[in-house]
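Worksheet: one structure, shown below.
The values are calculated or read from the model by the stated rules, or taken from the named source; none is laboratory data. The structure presented is a predicted model; accordingly, all values stated were derived computationally and were not measured. Note: ideal-geometry Cβ built from the backbone for every residue, glycine included; neighbour counts use all protein chains shown.
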């Protein structure tokens, strides 16, 4: 990279661990309920309806870029969009999350998971990506749900705290489990590839709930499918980010899945994450979203602590450790973005 | 200990890391909805009403001992009992959890947290403990909520996934935070001491949600109060157990709080826990409760894995990594208890 990196390229350089001028920052769920301009246009229906409206989804994706000047945009979409689009019977209930009419239970349910044809099944996603690629001053991050996390929604039928049914199927019927994850890996791969073809310049795979698993279970039952997802988008030559919450114990296994960037929640300080993953690990994170509800002095101290623990490593994309909480003051997030930008990479 | 330890003493010996004959086992929430005999007598009201009925609470506590032959009983109670008893205005809503009419917000709310007078405020708890101490063939574990976890209920007003308000108060008003935790530590200490005076032979402190905190925040804002709780019951000379879920990152800090036994959830294999805490650490855990929903062969493999990772260390109390799930088949838990008992300590 040249000594002075164009601002729009800092994010991509950081994802590669290459030198660049300023620490890039974006916020998971930066486009969402915390923004008054989002609430003004979002409407009250299912998020799946909003996602299916390319004009609306484009505008929602752009809102935080205008407000915060973040260094990457993330497509306004949802990890259940592909399974919804192929007719599995999933909806996203406001205030609840993904719900499934007939949860996945048996081998016959595999037939409800046919391959995704992005142009036919999710044309609205591609149209949104194309319009964003034309308009955005920064890279667009496309994304998909990792096989485990999507499987957990399909099996539980609703958000769960215990993932009891998911684990019971995983441990009790490994053949069916692996067949399910194979289908979901295919869906993720097809969706991710189509997003890059349409103009996305980076990818994030959300395995949000993988941290619920014991490490040996993750390694045996989840890692192979996730590894295949990352391998089968490697040729696209865009940075691949891998994220989950509560993943401290499985962090080395998640890194072994092959992403370029490992997302870390706030429980694992960045210096500790590099002790586990190696000194050259490229990390994304990891301010506690709840810390953004504290007074500004406490937020500033927390931001400084994240930057200090990164220790000037070029392989760092600043982010929260999970999504923006709806009650967050956007003014605070703007201040966080400014603080990160004022911090020169390498310091 | 003699070469042949009386069965009733295996639990206490294991808590001290002393040699004994068979690995002791009990299950968090062993007295609860998974048992048909519990559902038959529990009724439908608040758990606080059931707890306030010593005859009923005694019977419920005894049920799993009769059924499973577990090596310890845990008092049928709830961590919000002391704050409820002093009139803070907390209830436990069936299917939801603790809810608070007027959540803790400001310094004036400290006045709602007067000291506990166990004989006057919770006579039913002491009566239950006394009757159990007379009837039980195994030690009774008394318990209390750790200051952080109780504070999270009082501040959030309802169960939370983010602990956003709790963290905002903690980071935003440390003086008030420490004053609150100080009151809650006093309540825990008074309650724990009264339970031992009445006949409890071990104590567990539940900091169930402390794993939501970043380690530096735990160390600064939570550890001092928890340390005081353990210090101020040390003279009672009963084993003290310290438990939370998702605590992998803070495990050494939790151990530093001074308990005799550290509870470990299923995310941290026991061998890894001893790498973090030292080879002589006494551990409780850590079968994934969800694993008990799998077919019996998978359950057996999971039990064997826990025992193998303990490696014959005498300082091991077998347990689940969190509470029994309500949908668990009691027959499976009985089988788990038998498997553990068939395993000789030291193997």
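The table for this structure:
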item: Selection within the stretch A:42-62 - in a loop (DSSP other than H, G, I, E, B) and either modelled with pLDDT under 95 or buried (at least 24 other Cβ atoms within 10 Å of the Cβ) (or both); result: A:43, A:44, A:45, A:46
item: Residues that are within 14 Å of chain A (Cβ to nearest Cβ) and touching a residue at least 40 places away in the same chain (Cβ under 8 Å), drawn from the stretch B:219-242; result: B:221, B:222
item: Lone qualifier among B:34, B:46 - being over 30 Å from residue B:258 (Cα atoms) and touching a strand residue (DSSP E or B) at 6+ places or on another chain (Cβ under 8 Å); result: B:46
item: All positions within the stretch B:271-290 that are closer than 18 Å to residue B:15 by Cα and either assigned to a helix (DSSP H, G or I) or away from chain A (no Cβ under 14 Å) (or both); result: B:271, B:273, B:274, B:277, B:278, B:279, B:280, B:281, B:282, B:283, B:284
item: Number of the exception - residue A:136 against (1) surrounded by fewer than 21 Cβ atoms within 10 Å (Cβ to Cβ); (2) out of contact with any strand residue (DSSP E or B) (no Cβ under 8 Å at 6 or more places or on another chain); (3) farther than 29 Å from residue B:161 by Cβ; result: (2)
item: Leading residue by the ranking (nearest to residue B:274 (Cα to Cα)) among those in the stretch B:329-347 that are in a loop (DSSP other than H, G, I, E, B) and touching a strand residue (DSSP E or B) at 6+ places or on another chain (Cβ under 9 Å); result: B:345
item: Subset of the stretch B:296-328 [touching a helix residue (DSSP H, G or I) at 6+ places or on another chain (Cβ under 7 Å), in a loop (DSSP other than H, G, I, E, B) and away from every other protein chain (no Cβ under 14 Å)]; result: B:311, B:314, B:315
item: Those residues of the stretch B:257-267 which are farther than 19 Å from residue B:72 by Cβ, more than 11 Å from chain A (Cβ to nearest Cβ) and either touching a strand residue (DSSP E or B) at 6+ places or on another chain (Cβ under 7 Å) or surrounded by 24 or more Cβ atoms within 10 Å (Cβ to Cβ) (or both), in sequence order; result: B:257
item: Among the residues listed as A:65, A:79, the single one being touching a residue at least 24 places away in the same chain (Cβ under 8 Å), in a loop (DSSP other than H, G, I, E, B) and within 22 Å of the chain's Cα centre (by Cα); result: A:79
item: Answer from A:190, A:122, A:128, A:149 - the residue that is more than 14 Å from chain B (Cβ to nearest Cβ) and in contact with a strand residue (DSSP E or B) (Cβ under 7 Å, 6 or more places away or on another chain); result: A:149
item: Residue count for the stretch B:153-170, restricted to those that are buried (at least 24 other Cβ atoms within 10 Å of the Cβ) and under 29 Å from residue B:202 (Cα atoms); result: 2
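For every residue, the table says whether it meets (1) within 14 Å of another protein chain (Cβ to nearest Cβ); (2) under 23 Å from residue B:172 (Cβ atoms).
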site	(1), (2)
B:209	yes, yes
B:246	yes, no
B:255	no, no
B:269	yes, no
